[in-house]
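Student: Right, I'll just put the structure down here and ask away after.
Every number in this text was worked out from the coordinates using simple rules, so none of it is lab data. Since this is a predicted model, take the numbers as computed values, not measurements. We place every Cβ from the backbone using ideal geometry, glycine too, and count neighbours over all the protein chains shown.
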Amino acid sequence: MGRDVAQPLFVESQRFRVTRQRILLAIPPFFLLLLVVWQVILGHPIGKQPMSNASIIGWTIFLWLVYFRLITVRLVTRVGPSEITVAMRGFWRERRIPLAEITSVETVTFDPVRDWGGYGMRTTSRGSAYIACGGRGVEIKLAKGGVAVIGSERADELAAAIRRLTTRPKS
């Protein structure tokens with residue numbers, strides 16, 4: 001099935017706002033920055049066979065670029081005329097759910113860690129979840145079995161948009 005080219009009925013872009021994860025992700029590049037200061041700027045080589053200054057600087061730059069890329073990832077939800085698209089912008093991951101496969105839609109409250117194992121795109125035996133922040137979203141039951149949960153700061157609006165398209169009369 002191709003991409004919907006018509007104007008979407010609903011679009012939402014959410015940032016991942018988990019401060020603890022941002023801090024943990026910053027530890028490796030910050031540690032290498034300290035090594036740059038200690039070895040390159042202050043001139044104190046670390047260990048018996050220290051890394052070259054160019055290597056430490058290169059790895060530090062690389063890890064900071066990866067860190068900034070990771071903290072700018074967004075979860076983008078789009079409801080078009082024939083499908084729902086949930087994408088991790090910045091990771092090139094995308095899931096399409098054809099509206100024809102949806103049997104029911106309801107607004108739900110959940111604990112991302114307890115119910116789905118955390119934030120991001122998650123898959124369990126129960127189904128899939130796409131969660132950026134918060135604990136509200138829309139649970140979509142699929143015709144082939146299983147569910148898809150889409151986390152949303154505007155869960156009621158998202159559910160209404162999906163219902164509008166899935167309950168319309170077929171021509």
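Student: Below 13 angstrom from the Cβ of SER13, what's the summed charge of the other residues (Lys, Arg +1; Asp, Glu -1)? List each step's numbers first, then the result.
Tutor: Numbers: positive: ARG15, ARG17, ARG74, ARG78, ARG89, ARG154; negative: GLU12, GLU153.
After counting each charged neighbour, the total is +4.
Student: Report the Stokes-Einstein translational diffusion coefficient (µm² s⁻¹, integer) for the chain, Rh taken as the Kirkwood radius over Cα pairs, at 25 °C with viscosity 0.890 mPa s. Spell out each step's value before the answer.
Tutor: Values: Rh = 18.4 Å.
D = 133 µm²/s.
Student: Using label points projected 7 Å from each Cα along Cα→Cβ, tell me how many nm separate LEU142 and PHE30, to one decimal.
Tutor: In this crude label model, LEU142 to PHE30 measures out at 3.9 nm.
Student: Right, another one. For region 1-63 and region 127-166, what is the separation of their Cα centres, given in Å?
Tutor: 32 Å
Student: If I build a Gaussian network model for the chain, linking alpha-carbon pairs within less than 10 angstrom, which residue out of MET88, MET121, MET51 has the largest mean-square fluctuation?
Tutor: Per the Cα network of the chain with a 10 Å cutoff, MET51 tops the list.
Student: Tell me, in nm to one decimal, what length is gained between LEU42 and GLU101 on full extension, where the rule is 0.36 nm per residue of separation less the Cα-Cα distance? Show your work: numbers first, answer last.
Tutor: Values: separation 59, 0.36 × 59 = 21.24 nm, distance 6.22 nm.
Stretched out fully, the LEU42 to GLU101 stretch lengthens by 15.0 nm.
Student: Per DSSP helix of 4 or more residues, -39500 (n - 2.57); summed, then divided by the residues of the chain. What does that give at 222 nm, rounded to the nearest 500? Don't skip to the answer; put the middle values down first.
Tutor: On the way: 4 runs with 53 residues, N = 171.
When only DSSP H runs of four or more count, the value is -10000 deg cm²/dmol.
Student: Within 10 Å of each candidate Cβ there may be at most 14 other Cβ atoms; applying that plus a DSSP loop requirement, which chymotrypsin sites (Phe, Trp or Tyr not before Pro) in region 52-108 survive?
Tutor: Numbers: sites: TRP59, PHE62, TRP64, TYR67, PHE68, PHE91, TRP92; in loops: PHE91, TRP92.
Those that pass, being in a loop and sparsely packed, are PHE91, TRP92.
Student: What is the distance, in nm, between label points placed 7 Å from the Cα along the Cα-to-Cβ direction at THR19 and at ASP111?
Tutor: 2.1 nm
Student: What does the charge count near PHE91 come to, summing +1 for each Lys or Arg and -1 for each Asp or Glu among other residues with Cβ under 10 Å from its Cβ? Mind showing how you got there, number by number?
Tutor: Values: positive: ARG69, ARG74, ARG89, ARG93; negative: GLU94.
With Lys, Arg at +1 and Asp, Glu at -1, the neighbours total +3.
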